[in-house]
Amino acid sequence: MATEGEKRQVKLLGATLSPFVVRVRIALALKGIDYEFIQENLKTKSELLLQSNPVYKQIPVLVHNGKPVCESMIIVQYIEEAWSNKARNLIPKDPYDRAIARFWAAFIDNKIFPSLRGVFTGQGEQLQKAVEDSVTNFLLIEEALRTNQCFAGKAYFGGDQIGLVDIALGGMSTFIKAVEKATETILIDPKKMPLLTAWMHRFCKSDGVKEVMPDPVKHAEYISARRATMISPPTAN
Amino acid sequence: MGEGEEQVKVLSQWPSPFAIRVLIGLEEKNVRYESLEENFASKTELLVQMNPIHRKVPVLIHNGKPICESLIILQYIDEVWPGSNSFMPSNPYDRALAKFWADFIDTKFLGTGIHGILKKTGEAQEEGKRYMLEYLGLLEGVLKEFSAGGSKPYFGGEQFGFLDIAFICHTCWFEAMETLGKWKIPWESEFPRLLEWMKKCRERESVHKIFPDPHKILEYAIKFREGYLRSN
């Protein structure tokens, strides 16, 4: 059991619904690291957040012994390295497998998330295009699960256990479902993406994940409410 | 090529800062490689096969297996050929910082700064210049910290490392950006450490060998800009 002193050594600045924060919480849980969670109000950011991430002023920020680490996938890799002696490797040992994992984590950040954000914020034609882009991107993941020698036939992208790519994508699970619900669209069709669907189901039920995954109902309500504020009402003129 | 000999190829394009990055990395590690120039008009079958998702250079092909995304390739090179010169800092925290700033360079500095000048006109281009100056200011500060106030030459301290290689590849485009933007970056007055750092890096054999002729970059940049503005 960690002492209060030990807990103070690791702080996570975040918000419970943020998929990027969820990623870090999963990594901390899998490594068995105790930490103090500091819920940030994104409209009035704390001094600590502004000081710890002056460049982007965004969550998550991991503060370890007073030193801040920013950007969720950089934080996840930092957690792996700083606590490398703690059970469960999140990142493959082999340099090639590692490069493949990093590639797909980058794909999720640079392609999947922007298309999801497009669905979240989109209307009309823009929404339609974002849905198409998201489906295309998820189909690429489905194909990777089917044919990539690093992933095919395994329970997770990380093999028998959750790894970097699982965390990168899986952290977004409730966000994806909430956006689907709010826009009445299907981004991950179980018929077209059976492997991805099965993987997500398995991931969300896993130890270390289920405890930190946002409540899907709350997340869906939040996303719907945010979308409602984006739709501008028709003006009188 | 004999049995058991390592085969290293790079799918490359001479003006691409990302390709330049990978070639500098291989040179620094003294790895023998073959560079295959992709043309701009159409992608080769090999590129499409090796990088089906993005279809972009650079791709490192190591004994037939492709590795994509230049920063990921740099880390791979460092891990496969550790040698005596590690690109990555030795402790996890410094590694996280190096990755953070490399990512900043590729997204903010390149995306809003360099591309703001290369791809925009009028007020939008002026904004690109402002961003570039702001970001150079940030990086000047980072260099001051990482070089222990200038007592060490590089972002990697004594070592020409990951962040140095990640950034130096973009600097060969700076003169072209000044010409296209019809301005001069105030290096001596505002960014003297970066100026000194660039001079030091250019003296390295790897950088000297790989850096394209700045006149050729300018020619390429002008053509690129004309083509881009026509179709956007």
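Only one of B:99, B:120 is part of a loop (DSSP other than H, G, I, E, B) and either surrounded by fewer than 21 Cβ atoms within 10 Å (Cβ to Cβ) or out of contact with any Ser or Thr (no Cβ under 6 Å at 6 or more places or on another chain) (or both). Can you tell me which?
Working: B:99 fails: part of a loop (DSSP other than H, G, I, E, B).
So the residue among B:99, B:120 that is part of a loop (DSSP other than H, G, I, E, B) and either surrounded by fewer than 21 Cβ atoms within 10 Å (Cβ to Cβ) or out of contact with any Ser or Thr (no Cβ under 6 Å at 6 or more places or on another chain) (or both) is B:120.
From the list A:33, A:59, pick out the single residue that is assigned to a loop (DSSP other than H, G, I, E, B), surrounded by fewer than 22 Cβ atoms within 10 Å (Cβ to Cβ), hydrophobic (A, V, I, L, M, F, W, C) and in contact with a strand residue (DSSP E or B) (Cβ under 7 Å, 6 or more places away or on another chain). Walk me through it before giving the result.
Numbers: A:59 fails: surrounded by fewer than 22 Cβ atoms within 10 Å (Cβ to Cβ).
Exactly one residue qualifies, and that residue is A:33.
Any residue in segment B:69-86 that is part of a helix (DSSP H, G or I) sitting within a Cβ distance under 6 Å of a residue that is of a type in the set (A, V, I, L, M) and open to solvent by 20 Å² or more (accessible area, probe 1.4 Å)? List the pairs, counting only those 6 or more apart or interchain.
Cβ pairs passing all conditions: B:78/B:88.
Sort out which residues of segment B:37-67 are crowded, with 16+ Cβ neighbours inside 10 Å, without any contact (Cβ under 8 Å) to a residue 40 or more places away in the chain and closer than 27 Å to residue B:204 by Cα, and write them in order of number.
B:38, B:67
Out of the residues in segment A:90-106 meeting the condition of being farther than 20 Å from residue B:100 by Cα and buried (at least 16 other Cβ atoms within 10 Å of the Cβ), tell me which one is nearest to the other protein chains (Cβ to nearest Cβ).
Initially, segment A:90-106 is screened for residues farther than 20 Å from residue B:100 by Cα, giving A:92-97.
Filter again for buried (at least 16 other Cβ atoms within 10 Å of the Cβ), leaving A:92, A:95-97.
Working: A:92: 11, A:95: 4, A:96: 6, A:97: 11 Å.
Among those residues, the one meeting the criterion is A:95.
Considering only segment A:107-125, state which residues are open to solvent by 70 Å² or more (accessible area, probe 1.4 Å) and either small (Gly, Ala, Ser) or more than 22 Å from the chain's Cα centre (by Cα) (or both). Reasoning before the result, please.
To start, the set of residues in segment A:107-125 that are open to solvent by 70 Å² or more (accessible area, probe 1.4 Å) comprises A:110-111, A:117, A:123, A:125.
Scanning segment A:107-125 gives A:123, A:125.
When you check residue A:107 against the structure, is it over 21 Å from residue A:30 (Cα atoms) and touching a Phe, Trp or Tyr at 6+ places or on another chain (Cβ under 9 Å), yes or no? Before you say what the answer is, go through the steps one by one.
Details: over 21 Å from residue A:30 (Cα atoms): yes; touching a Phe, Trp or Tyr at 6+ places or on another chain (Cβ under 9 Å): no.
So residue A:107 does not fit the description; no.
Identify, please: which residue in segment A:126-159 is in contact with a Lys or Arg (Cβ under 7 Å, 6 or more places away or on another chain) and outside any helix (DSSP H, G or I) and is, among those, surrounded by the fewest Cβ atoms within 10 Å (Cβ to Cβ)?
So, considering only residues that are in contact with a Lys or Arg (Cβ under 7 Å, 6 or more places away or on another chain) and outside any helix (DSSP H, G or I), the one surrounded by the fewest Cβ atoms within 10 Å (Cβ to Cβ) is A:152.
Scan segment B:165-176 for residues that are within 9 Å of the chain's Cα centre (by Cα) and part of a helix (DSSP H, G or I) and jot them down. Working first, answer last.
Taking segment B:165-176 as the starting set, the residues that turn out to be within 9 Å of the chain's Cα centre (by Cα) are B:165-172.
Passing the criteria: B:165, B:166, B:167, B:168, B:169, B:170, B:171.
Based on this model, can you work out whether residue B:5 counts as more than 10 Å from chain A (Cβ to nearest Cβ), free of Cβ contacts under 8 Å to residues at least 12 places away in the same chain and of a type in the set (Asp, Glu)?
Numbers: more than 10 Å from chain A (Cβ to nearest Cβ): yes; free of Cβ contacts under 8 Å to residues at least 12 places away in the same chain: yes; of a type in the set (Asp, Glu): yes.
Yes, satisfied.
For segment B:130-148, give me each residue that is open to solvent by 50 Å² or more (accessible area, probe 1.4 Å), more than 14 Å from chain A (Cβ to nearest Cβ) and either more than 27 Å from residue B:27 (Cβ to Cβ) or assigned to a helix (DSSP H, G or I) (or both).
As a first pass, look at segment B:130-148 and keep what is open to solvent by 50 Å² or more (accessible area, probe 1.4 Å): B:130-131, B:133-134, B:138, B:144-145, B:148.
Pick out the ones that are also more than 14 Å from chain A (Cβ to nearest Cβ) and you get B:130, B:133, B:144, B:148.
If the condition is that a residue be open to solvent by 50 Å² or more (accessible area, probe 1.4 Å), more than 14 Å from chain A (Cβ to nearest Cβ) and either more than 27 Å from residue B:27 (Cβ to Cβ) or assigned to a helix (DSSP H, G or I) (or both), then B:130, B:133, B:144 are the ones that fit.
So which residues in segment A:17-30 are touching a strand residue (DSSP E or B) at 6+ places or on another chain (Cβ under 9 Å) and either open to solvent by 10 Å² or more (accessible area, probe 1.4 Å) or at pLDDT below 95 (or both)?
Kept after step one, since they are touching a strand residue (DSSP E or B) at 6+ places or on another chain (Cβ under 9 Å), are these residues of segment A:17-30: A:20-22, A:24-25, A:28.
If the condition is that a residue be touching a strand residue (DSSP E or B) at 6+ places or on another chain (Cβ under 9 Å) and either open to solvent by 10 Å² or more (accessible area, probe 1.4 Å) or at pLDDT below 95 (or both), then A:20, A:25 are the ones that fit.
Of the conditions (1) open to solvent by less than 50 Å² (accessible area, probe 1.4 Å); (2) assigned to a loop (DSSP other than H, G, I, E, B); (3) more than 9 Å from every other protein chain (Cβ to nearest Cβ); (4) not hydroxyl-bearing (Ser, Thr, Tyr), residue A:49 fails just one. Which one is it?
Residue A:49 satisfies every listed condition except (2).
Is it the case that residue A:195 is assigned to a helix (DSSP H, G or I), open to solvent by 30 Å² or more (accessible area, probe 1.4 Å) and either within 25 Å of residue B:51 (Cα to Cα) or of a type in the set (A, V, I, L, M, F, W, C) (or both)? Steps first, answer last, please.
Working: assigned to a helix (DSSP H, G or I): yes; open to solvent by 30 Å² or more (accessible area, probe 1.4 Å): yes; either within 25 Å of residue B:51 (Cα to Cα) or of a type in the set (A, V, I, L, M, F, W, C) (or both): yes.
For residue A:195, the condition - assigned to a helix (DSSP H, G or I), open to solvent by 30 Å² or more (accessible area, probe 1.4 Å) and either within 25 Å of residue B:51 (Cα to Cα) or of a type in the set (A, V, I, L, M, F, W, C) (or both) - is met.
The values are calculated or read from the model by the stated rules, or taken from the named source; none is laboratory data. Everything numeric in this text was worked out from a predicted model, so none of it was measured. Here Cβ is always computed from backbone atoms with ideal geometry, including for glycine, and neighbour counts include all displayed protein chains. Protein only, heavy atoms only, side chains kept; ligands, DNA and RNA dropped before computing areas. Shrake-Rupley method; radii C 1.70, N 1.55, O 1.52, S 1.80 Å.
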